[in-house]
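Here is the structure we will look at, set down as structure tokens.
The values are calculated or read from the model by the stated rules, or taken from the named source; none is laboratory data. From a predicted model like this one, the values you see are computed outputs, not experimental measurements. All Cβ positions, glycine included, derive from the backbone under ideal geometry; neighbour counts span all protein chains shown.
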Amino acid sequence: MSTFNDTSAIPASIRTEAESLRTDITRYQKEYYLDGRPSMSDQEFDRIFDRLLTLESQYPGLQDPTSPTHRVGSDLSSEFPEVHHTIPVLSLDKVYSQEELGAWIRKLRAQGAKDFVLEEKLDGASVVLYYQDGVLEKGVTRGNGEVGNDITTNIRTLRTIPLTLPEKLTGPVRGEVFLGKKDFQKINQTLEVPYANPRNLAAGTLRRIKSREVAQVPLQIFVYESFFPGDSDSHWQNLAHLKVLGFPTNPRTQLLTLAEADDAEQALGKFVAHETQTRASLDYEIDGLVFKVDHLGLRESLGYTGHHPRWAMAYKFESPQGISRVLAIDVQIGRTGRVTPVARIEPVEVGGSTISNVTLHNQDYIDGLELSLGDTVAVSRRGDVIPAIESVLEKAPNTPPVWRMAESCPTCHSPLVKNGAHHFCPNFSCPDRELGRLIFFAGRDQMDIEGLGSETIETLRDQGWLRDIPDAYDLPYDKIVQLPGFGQKKVDILSRGIEDSKNRPYRQILASLGVPDLGPKVAELLIENGYPAIADLFALVDQGKTEELLEIKGLGAKIVARISATFGDDQFRGLVGRLEAAGLKFFETPREKVQIQGVFSGQTWCVTGSFEKFKPRDRAMELVRSRGGQVTSDVTSKTTHLLAGEKAGSKLTKAEKLGLTIVNEAEFLALSSGLESTDDATKDEV
Ligand code: IVH
């Protein structure tokens, strides 16, 4: 295909078409992202977007940094050169109480302030957008207030930032880039090293070297100050103008006209009270409120102190931390034997709900805090959710020693063993491990036994009827039916759930036994590579030949060592023997194999994003093909399924728009092993 670098060689009709496409796309994106009322169907949007992409690649002379196609970012690395701000990028003075706020308002009223704009103080990353003749020229971080970093290519990927304005304005606009709480949770879950809060993730993303990665994070922005030469004398009106220009402004901002308020402080108090109450239900984080003088002329005469304007004040919320006392430190033992210390604290309310248990992870974590029983501690919710002890505020009287992990398991008294940062109970038959194993085995992602949730497991265990997994296949239903809360209907569901589970394929059973690291993928590798029955693995262990397993691509020394240890353990073999006697299959039949091999037949998959188990992602494509499916490199009308990994981007958006079945890595692994049917695959985003 010939290309046309020279702008003059572009036919006028093409130029006009590209311009009209850009106008339509920009209008659609505003309607979609800002107004929530798109006037065009998603398919139509994709069509015109693709057309513009084609034109721009065919005629590079059409390339323009303000084209909406630049919002998808690029894989080119960019550095962030330093840029001098053309305005002093000031921060706000702050108060922590309504009294101080009241005093400040009274002082300003005495100096002639009548109207105030009440805003939320967004907890994000401060940026300055520089426009030149109506075109976004630069996006710059706040930096030290005088010099910031040029992050323009990353800023352009934020879809709500207008790349061009309907007026030829020149000047800076200040705003805060942030990430919604739900988006934060979703993204953070996929990260190996999670961020503590949405602000850090938003700020970290803005500094990514590859703008394509930035484009995949749904960052948002609210702008709150403009510095255009023709601005009006009222901040409130300037905010309205920013909105007309196409900028996202915070709809919760209010104008308070004190002259009209019967009682100014009462009116302010109402705003503060309303915000404090509704803050938790917002999908973005605010760390305070901002009160600004509306009149720009008055602002100038009030002036500035050091780093702060005298005409604005931040009212900061107390950071949601609670103070509590450590009453006890218990240890919990999971199915793998891992010991997790948990602090029981005096119940304390933090961020709207009560915390009384806080995980302490391991001994190293406790040593880092220098935590002892009885200490007074600061408690927070990391990333607004997970309770954490932040620090010791006051040591307990007589400064007891830092808490130490017991030498032996508190439940079965076996000596604990340390492996890495964690302690483990090595006893396979430890009652806590049995319970953990049972809950894991019956769980949705393993055997998925209907009617056998963790509550039922605990009730049956308390009765002495269900100690370890095999007991589930020998339950006294005639007695269970007499337990309070267990009618015939519930017992029928349970017994049917247990009966059904006997028909699960071997690979599913093997991955449900709770052997550490032996999940669906490893089970499949073993079965597909010459070990289709558990007896094969027992034989290998007995002959001391487990190192043969290292020849299987995808199995490492760690899992092979686990297999040697577990499959050689008499207690484990006893468990398997009892399950076999109950009717569970510990081998795969050739028919099952054929079924599994055809699980993707008639389906066309597209694979996007990055994966833990499929590196490079071609390996996932190979798996689709080996199971009878077809693969496309892009989401097209033929595609039926999208496998979306971490940082899935435009293909995910497109697949959502087309209503394709979207599955994540874990679901894909289950599907490819025949553990689930593709009809049930969740359509949730990843
Ligand atoms: S006004 C001179 N308004 O809070 C104007 N700032 O310490 C100063 N912020 O660096 C900024 N929401 O990043 C303003 N509605 C809002 C704000 C806001 C968040 C941030 C901003 C600033 C810091 C102040």
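Can you name the number of the only condition in (1) over 17 Å from Val331 (Cβ atoms); (2) at pLDDT 90 or above that Glu390 fails?
(2)
Which residues, taken from segment 336-352, are within 30 Å of Gln446 (Cβ to Cβ) and out of contact with any Leu (no Cβ under 8 Å at 6 or more places or on another chain)?
Listed by number, the residues that qualify are Thr336, Gly337, Arg338.
Working carefully through the options Gly583, Gly568, find the one that is at positive phi, in contact (Cβ under 8 Å) with a residue 24 or more places away in the chain and not aliphatic (A, V, I, L, M). Spell out the reasoning first.
On the way: Gly568 fails: at positive phi.
The conditions single out Gly583.
Matching residues to (1) β-branched (Val, Ile, Thr); (2) surrounded by 16 or more Cβ atoms within 10 Å (Cβ to Cβ):
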residue	(1), (2)
Ile509	yes, yes
Leu525	no, yes
Lys545	no, no
Ile552	yes, yes
Ile559	yes, yes
Leu584	no, yes
Ser601	no, no
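Just wondering, is there one or more residues in segment 100-112 that are in contact with a Ser or Thr (Cβ under 9 Å, 6 or more places away or on another chain), crowded, with 23+ Cβ neighbours inside 10 Å and more than 20 Å from His307 (Cβ to Cβ)?
No; the residues of segment 100-112 include none that is in contact with a Ser or Thr (Cβ under 9 Å, 6 or more places away or on another chain), crowded, with 23+ Cβ neighbours inside 10 Å and more than 20 Å from His307 (Cβ to Cβ).
Does segment 117-125 contain any residue that is small (Gly, Ala, Ser) and in a strand (DSSP E or B)? Spell out the reasoning first.
Step one: of segment 117-125, the residues small (Gly, Ala, Ser) are 124-125.
Adding the requirement that they be in a strand (DSSP E or B) leaves 125.
Yes, segment 117-125 contains at least one residue that is small (Gly, Ala, Ser) and in a strand (DSSP E or B).
Here is a list: Ala202, Ala215, Ala240. Which entry is out of contact with any His (no Cβ under 6 Å at 6 or more places or on another chain), in contact (Cβ under 8 Å) with a residue 24 or more places away in the chain, of a type in the set (Gly, Ala, Ser) and within 16 Å of the ligand (Cβ to nearest atom)? Break it down stepwise before answering.
Numbers: Ala215 fails: within 16 Å of the ligand (Cβ to nearest atom); Ala240 fails: in contact (Cβ under 8 Å) with a residue 24 or more places away in the chain.
That would be Ala202, the only listed residue that is out of contact with any His (no Cβ under 6 Å at 6 or more places or on another chain), in contact (Cβ under 8 Å) with a residue 24 or more places away in the chain, of a type in the set (Gly, Ala, Ser) and within 16 Å of the ligand (Cβ to nearest atom).
Mind listing just one residue for me: the one in segment 281-295 that is within 12 Å of the ligand (Cβ to nearest atom) and not β-branched (Val, Ile, Thr) and, of those, modelled with the lowest pLDDT?
The selected residue is Asp287.
Tally the residues that are assigned to a strand (DSSP E or B) and away from the ligand (no atom under 16 Å from the Cβ), restricting the search to segment 76-114.
Residues in segment 76-114 being assigned to a strand (DSSP E or B) and away from the ligand (no atom under 16 Å from the Cβ): 4 in total.
Could you check His235 against (1) within 13 Å of the ligand (Cβ to nearest atom); (2) free of Cβ contacts under 8 Å to residues at least 60 places away in the same chain; (3) out of contact with any helix residue (DSSP H, G or I) (no Cβ under 6 Å at 6 or more places or on another chain) and say which number it fails?
(2)
State whether the residues of segment 406-413 include one that is surrounded by fewer than 19 Cβ atoms within 10 Å (Cβ to Cβ) and not in a loop (DSSP other than H, G, I, E, B).
Within segment 406-413, one or more residues are surrounded by fewer than 19 Cβ atoms within 10 Å (Cβ to Cβ) and not in a loop (DSSP other than H, G, I, E, B).
Could you name every one of the helices (runs of 4 or more DSSP H) located completely within segment 551-652 that has at least 3 residues being among the charged types (D, E, K, R), under 25 Å from Ala533 (Cα atoms) and modelled with pLDDT of 90 or more?
Values: elements: 557-567, 570-582, 590-597, 618-626.
Correct list: 570-582.
Would you mind stating whether Lys490 is assigned to a helix (DSSP H, G or I) and without any contact (Cβ under 8 Å) to a residue 24 or more places away in the chain?
Considered against the rule, which asks whether it is assigned to a helix (DSSP H, G or I) and without any contact (Cβ under 8 Å) to a residue 24 or more places away in the chain, Lys490 comes out as no.
Sort out which residues of segment 122-161 are of a type in the set (Gly, Ala, Ser) and more than 16 Å from the ligand (Cβ to nearest atom), and write them in order of number.
The answer is Gly134, and nothing else.
Under 8 Å between Cβ atoms, which residue pairs at least 6 apart in sequence (or on different chains) link something in segment 465-481 that is at pLDDT below 95 with a partner that is among the basic types (Lys, Arg)?
Arg467/Arg461; Asp468/Arg437
If you take the residues in segment 245-270 that are hydrophobic (A, V, I, L, M, F, W, C) and free of Cβ contacts under 8 Å to residues at least 12 places away in the same chain, which one is nearest to the ligand (Cβ to nearest atom)?
Ala267
Being of a type in the set (Val, Ile, Thr) and either over 19 Å from Lys107 (Cβ atoms) or surrounded by fewer than 19 Cβ atoms within 10 Å (Cβ to Cβ) (or both) is the filter here, so list the residues in segment 273-316 that pass it.
Passing the criteria: Thr276, Thr278, Ile286, Thr305.
Is it the case that Ser372 is away from the ligand (no atom under 16 Å from the Cβ) and under 31 Å from the mean Cα position of the chain (by Cα)?
When the stated conditions are applied, Ser372 does not pass them.
Cβ-Cβ under 9 Å, sequence separation 6+ or interchain: first residue in segment 53-68 and in contact (Cβ under 8 Å) with a residue 60 or more places away in the chain, partner assigned to a loop (DSSP other than H, G, I, E, B). Which pairs?
The qualifying pairs are Pro65/Arg156; Pro65/Leu163; Thr66/Arg156; Thr66/Leu163; Ser67/Leu163; Pro68/Arg159; Pro68/Leu163.
Would you say Leu52 is in a helix (DSSP H, G or I), in contact with a Lys or Arg (Cβ under 8 Å, 6 or more places away or on another chain) and more than 16 Å from the ligand (Cβ to nearest atom)?
yes
Listed residues Leu169, Leu191; which is within 10 Å of the chain's Cα centre (by Cα), in a loop (DSSP other than H, G, I, E, B) and more than 16 Å from the ligand (Cβ to nearest atom)?
Leu191
State which residue is surrounded by the fewest Cβ atoms within 10 Å (Cβ to Cβ) when the search covers only segment 123-140 and only residues that are under 24 Å from the mean Cα position of the chain (by Cα) and touching a residue at least 60 places away in the same chain (Cβ under 8 Å). Let's see the steps before the verdict.
Keep residues of segment 123-140 that are under 24 Å from the mean Cα position of the chain (by Cα), which gives 123-127.
Next, from what is left, pick out any that are touching a residue at least 60 places away in the same chain (Cβ under 8 Å): 123-125, 127.
Numbers: Asp123: 17, Gly124: 24, Ala125: 24, Val127: 27.
Among residues in segment 123-140 that are under 24 Å from the mean Cα position of the chain (by Cα) and touching a residue at least 60 places away in the same chain (Cβ under 8 Å), the one surrounded by the fewest Cβ atoms within 10 Å (Cβ to Cβ) is Asp123.
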